[in-house]
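The values are calculated or read from the model by the stated rules, or taken from the named source; none is laboratory data. Remember, it's a predicted structure, so these values are computed and weren't measured experimentally. Cβ placement follows ideal geometry from the backbone for every residue including glycine, while neighbour counts extend to all protein chains displayed. In case anyone asks, the SASA skips ligands and DNA or RNA and just uses the protein heavy atoms, side chains included. Shrake-Rupley method; radii C 1.70, N 1.55, O 1.52, S 1.80 Å.
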Amino acid sequence: MWLDLRKIIETPGASLGFAVTLDPEHLRIGAITGFKRPPEARGEVVNTAGLLNLRGELTAGMTCVCDRCGTVFDREKVLPLDVPLAADVSDEASPDVFPIEGDGVDVSEIAETCFILDAETKVLCREDCKGLCPTCGKNRNDGPCACTKPGDPRLAVLSRLLETPEKPTE
Ligand SMILES: [Zn+2]
Ligand SMILES: [Zn+2]
């Protein structure tokens, strides 16, 4: 989506809203297997004392595959956007600034770039994912597998703790 900035580029205090649906095919990277809802970016470009800033939010309902156990799960993403825009950008000096090309910017391209820069390389279905048993391949999140040695004293302690009945609260 091309956003023409001519109306606000010379007017401090002026702003211009945008709302765009992004192409999911561009954003299916890393652990992301698909999108339940297409990613959307909405917000505004604001002229603050002559400097342009793109502000807003990118939201997406994704399906991801866990890096540890391989389970496919849903994840909601909300990424705040706060991107300075400038007509003169020398890449090395300010890598975070997006260039204004001619009289405007491609909002979709900016949002997609922010999404890709923010994407995690490793995604877990939950923080404490136990992963798969290296011996039998069973998902350890579903419980212990047959490979678990019954004689392991640490596990004996654990199972005793688990078996302790909870005291009824009064
Ligand atoms: Zn997992
Ligand atoms: Zn096992």
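For Leu5, work out the one condition from (1) in contact with a strand residue (DSSP E or B) (Cβ under 7 Å, 6 or more places away or on another chain); (2) open to solvent by 50 Å² or more (accessible area, probe 1.4 Å) it doesn't fulfil.
(2)
Of all residues in the stretch 119-136, count the ones that are open to solvent by 100 Å² or more (accessible area, probe 1.4 Å) and in contact with a Cys (Cβ under 7 Å, 6 or more places away or on another chain).
Within the stretch 119-136, residues that are open to solvent by 100 Å² or more (accessible area, probe 1.4 Å) and in contact with a Cys (Cβ under 7 Å, 6 or more places away or on another chain) number 1.
Search the stretch 124-137 for residues that are at positive phi and pair each with any residue that is assigned to a loop (DSSP other than H, G, I, E, B) and within 9 Å of ligand 1 (Cβ to nearest atom) when their beta-carbon atoms are under 6 Å apart and the residues are at least 6 apart or on different chains.
That search, which allows pairs on different chains as well, returns Gly131/Arg68; Gly131/Cys69.
Please find, within the stretch 59-74, the residue that is farthest from ligand 2 (Cβ to nearest atom) out of those that are open to solvent by 70 Å² or more (accessible area, probe 1.4 Å) and part of a strand (DSSP E or B). Steps first, please.
So in the stretch 59-74, the residues open to solvent by 70 Å² or more (accessible area, probe 1.4 Å) come out as 67-68, 72, 74.
Okay, now just the ones that are also part of a strand (DSSP E or B), so 72, 74.
On the way: Val72: 21, Asp74: 27 Å.
Among them, the one singled out is Asp74.
What are the residues in the stretch 26-41 that are among the hydrophobic types (A, V, I, L, M, F, W, C), under 9 Å from Met62 (Cβ atoms), in a strand (DSSP E or B) and open to solvent by less than 40 Å² (accessible area, probe 1.4 Å), if any?
Selection gives Ile32 alone.
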